[in-house]
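J.: Below are the structure tokens for one structure; questions will follow.
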Amino acid sequence: MLQTFNLPLLNEILAEYGGWRSLQREAASLGCAGIEAIWAGEDIPADLPEGLVQGYHLTFFPDWLDMFRNRQTTVKNKFGSMAIAFEHYGGWGPDCLLRRYQEDLARAERLRPRYLVFHVSDVSLAEGLTYQWQHCNAEVIDAALELINALLADYAADAPWEFLVENQWWPGFTFTEPAETARLLEGINYPRKGIMLDVGHLMNCNRNLQTQAQGAAYVQAMLDKHGSLAQAVRGVHLHYSLSGAYVKEHIGELPEWWASADYAERTGYCYNYVLRIDQHLPWTDKTILPPLARINPAYLTHEFNAGSRQERRQMVAQQKGLLKRGGLL
């Protein structure tokens, strides 16, 4: 089981470690092979050491489907103007979105990761607050398949990485319905494909969970429900989230000020809201060990919203300690 922790490729974060080499030593000291990286908008330094980036999380737009389908009126209503939408996406239309992913795939090629991670979901700012979805799972999955297959068309023969689709609790791939999981996996025209099961995201699908033990039982239930399809799980994003009570209390109507706010104000508000839902906390309950043993993932990412190097180290060490005590390391 190859272990990593998540890290955006930001100079600000790199400075905490005193350089890439120091970061590589930090990962090794935690018993991790490296990091699962995501591009954060800055140029990737040429001196990044080989082997540091073991996994690469491809860029994503949470709200992309209407743009991909050229629904200008709908998108204009979301953003306030087409100019703001163009700035957000870096252009317009399916070719633009494909280009943005191709650019990120080129970054991944330079870093030579073992696997890629791709979000299959779609949610607007308003939907994230109201949970009144505008698109069904199948619609999001089918559009994602068009994008994925266009993106990987030139790589299918070589298959240089494992391509892993990640579940969310928003419309798209949730790992709660086996037929939808099969629809997604069977539709990807790339040989080395599988699932990156995000445990916290899966827990976010069930607003009735109140304890880690209940969350672990829910993960087991979804694995049971998927039967042999569960064998497609190649990696795990390990963290937990118990935000159901918060969601029940806050979802519903949009804030009164919503209509008069600009897109940036709405985005800032929703970002903080999502952080309260998707908590990314380290597991402390041993009940998660049987589901992990059952999956026996090739890749395990300790995925947290850490505010500093010290906090990140503590969270990774805490979760690894649980795995070690449970005999999984």
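The values are calculated or read from the model by the stated rules, or taken from the named source; none is laboratory data. Keep in mind it's a predicted model, so treat the numbers as computed, not measured. Note: ideal-geometry Cβ built from the backbone for every residue, glycine included; neighbour counts use all protein chains shown.
J.: Here are some residues: 200, 244. Which one is of a type in the set (Gly, Ala, Ser), in contact (Cβ under 8 Å) with a residue 60 or more places away in the chain and closer than 20 Å to residue 131 by Cα? Even if it seems obvious, please write down each step before you answer.
T.: On the way: 244 fails: in contact (Cβ under 8 Å) with a residue 60 or more places away in the chain.
The unique qualifying residue is 200.
J.: Please note which helices (runs of 4 or more DSSP H) are completely contained in segment 87-172 and include at least 3 residues that are modelled with pLDDT of 95 or more and touching an Asp or Glu at 6+ places or on another chain (Cβ under 7 Å). Write out each step before concluding.
T.: On the way: elements: 93-111, 125-130, 137-152.
Because the criterion is at least 3 residues that are modelled with pLDDT of 95 or more and touching an Asp or Glu at 6+ places or on another chain (Cβ under 7 Å), the helices (runs of 4 or more DSSP H) in segment 87-172 that meet it are 137-152.
J.: Hey, could you check segment 173-189 for residues that are outside any helix (DSSP H, G or I) and not aliphatic (A, V, I, L, M) and say which is nearest to residue 115 (Cα to Cα)? Give the derivation first.
T.: Here is the first cut: in segment 173-189, the ones outside any helix (DSSP H, G or I) are 173-177, 188-189.
Filter once more, so that each one left must be not aliphatic (A, V, I, L, M): 173-177, 189.
Numbers: 173: 19, 174: 20, 175: 20, 176: 23, 177: 24, 189: 16 Å.
Among residues in segment 173-189 that are outside any helix (DSSP H, G or I) and not aliphatic (A, V, I, L, M), the one nearest to residue 115 (Cα to Cα) is 189.
J.: Might you let me know whether segment 37-47 holds any residue that is over 30 Å from residue 266 (Cα atoms), in contact with a strand residue (DSSP E or B) (Cβ under 7 Å, 6 or more places away or on another chain) and of a type in the set (A, V, I, L, M)?
T.: Going through segment 37-47, the residues over 30 Å from residue 266 (Cα atoms) turn out to be 45-47.
Narrowing the set further to residues that are in contact with a strand residue (DSSP E or B) (Cβ under 7 Å, 6 or more places away or on another chain) leaves none.
There is no residue in segment 37-47 that is over 30 Å from residue 266 (Cα atoms), in contact with a strand residue (DSSP E or B) (Cβ under 7 Å, 6 or more places away or on another chain) and of a type in the set (A, V, I, L, M).
J.: Still on this model: Does any residue in segment 113-125 that is within 11 Å of residue 174 (Cα to Cα) come within less than 8 Å, Cβ to Cβ, of a residue that is assigned to a strand (DSSP E or B) and not β-branched (Val, Ile, Thr) six or more places away or on a different chain, and which pairs are these?
T.: Every condition considered, the pairs that remain are 119/166; 119/172; 120/166; 120/172; 121/172.
J.: Within the group 50, 42, 36, which residue is assigned to a strand (DSSP E or B) and either surrounded by fewer than 17 Cβ atoms within 10 Å (Cβ to Cβ) or acidic (Asp, Glu) (or both)? It would help to see each step written out before you state the result.
T.: Working: 50 fails: assigned to a strand (DSSP E or B); 42 fails: assigned to a strand (DSSP E or B).
None of the others qualify; the one that does is 36.
J.: Hey, another quick one. I'm trying to understand the selection: among the residues of segment 144-168, which are of a type in the set (Phe, Trp, Tyr) and either crowded, with 22+ Cβ neighbours inside 10 Å or within 19 Å of the chain's Cα centre (by Cα) (or both)?
T.: In the first step, residues of segment 144-168 are kept if they are of a type in the set (Phe, Trp, Tyr); the result is 155, 161, 163.
Selection gives 161, 163.
J.: Let me ask you something else. Among the residues of segment 280-290, write down those that are of a type outside the set (Val, Ile, Thr), out of contact with any strand residue (DSSP E or B) (no Cβ under 7 Å at 6 or more places or on another chain) and surrounded by 17 or more Cβ atoms within 10 Å (Cβ to Cβ). If you could, list the steps in order and put the result at the bottom.
T.: Our first condition is that a residue be of a type outside the set (Val, Ile, Thr); within segment 280-290, this holds for 280-283, 285-286, 289-290.
Now drop any that are not out of contact with any strand residue (DSSP E or B) (no Cβ under 7 Å at 6 or more places or on another chain), which leaves 280, 282, 285-286, 289-290.
Listed by number, the residues that qualify are 280, 282, 289.
J.: Let me ask something additional. Give the residues of segment 291-308 that are crowded, with 17+ Cβ neighbours inside 10 Å and in contact (Cβ under 8 Å) with a residue 24 or more places away in the chain, sorted by residue number. Quick ask: steps written out before the conclusion?
T.: Residues of segment 291-308 that are crowded, with 17+ Cβ neighbours inside 10 Å, as a first pass: 291-292, 295, 297, 299-304, 306.
The answer is 291, 292, 295, 297, 299, 300, 301, 302, 303, 304.
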